[in-house]
């Protein structure tokens, strides 16, 4: 990212930024927002608005739906703790907040990229999560987080897959139709309109 800023400042044709630079910049922007906001549970409407331009349409669709899913079950079962109520779902450590992050490397493969991000927490704890990015409308956007930290009670695996696994299930007893989540994959805008109508 530092090289990218220098290149832009110099306006030199010999110092053009690479796709790797732009992917790293997108990863830095996302994790910078995360460090500042420290979200817990499903994102609020304000939090989602802040990062909508940083994530893919599919990811935004799922993140918005997670908030609706939490509210749906909170209203249906007010005495029970609803899904996606608390904790940091974006990193491996659900409750041990990172004090620092560092993009260790970025691997670009055509229109997708992976940003290997190292997190540091108190007590010498550290772990690496993989931020997945994809080019959408000519810009690098965050498409998923692959959480791989060594926590017994933390998060693991693809966050997107977790959201699909939970919200794609039809739950007739709770009046939940999994189509609203399944449609995020193919028609994100349509799925959000359907969700708003409910």
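Things to note:
- Springs join every pair of Cα atoms under 10 Å in this Gaussian network model of the chain, and among 106, 166, 128 the largest mean-square fluctuation is at 166.
- Largest GNM mean-square fluctuation among 110, 93, 53, using the chain with Cα springs under 10 Å: 110.
- Relative to the current alpha-carbon distance between residue 105 and residue 33, full extension at 0.36 nm per residue lengthens the span by 24.0 nm.
- Our summary gives the chain a relative contact order of 19 percent, counting only alpha carbon pairs under 8 angstrom and 6 or more residues apart.
- Our helix-only sum for the chain, with -39,500 (n - 2.57) per DSSP H run of n ≥ 4 divided by its residues, gives a mean residue ellipticity at 222 nm of -13000 deg cm²/dmol.
- Modelled FRET efficiency - R0 41 Å, residue 112 with residue 177, Cβ distances, 0.05 increments: 0.85
- Largest GNM mean-square fluctuation across 114, 56, 44, computed for the chain with C-alpha springs under 10 Å, falls on 44.
- Going from the residue with the fewest nearby Cβ atoms within 10 Å to the one with the most, 46, 146 rank 46, 146.
- Between residue 130 and residue 17, full extension at 0.36 nm per residue minus the direct alpha carbon distance yields a gain of 38.5 nm.
- Remark: the residue 71-residue 165 segment gains 32.0 nm on full extension, using 0.36 nm per residue and subtracting the alpha carbon distance.
- Share, in percent, of DSSP beta bridges within the stretch 46-178 that are antiparallel, nearest 5: 95
Bear in mind these aren't lab numbers, they're just calculated from the coordinates by the rules spelled out. Predicted, not measured: the structure shown is a model, and the values here were computed from it. Methodologically, a virtual Cβ is constructed for each residue, glycine included, from the backbone with ideal geometry; neighbour enumeration extends over all protein chains shown.
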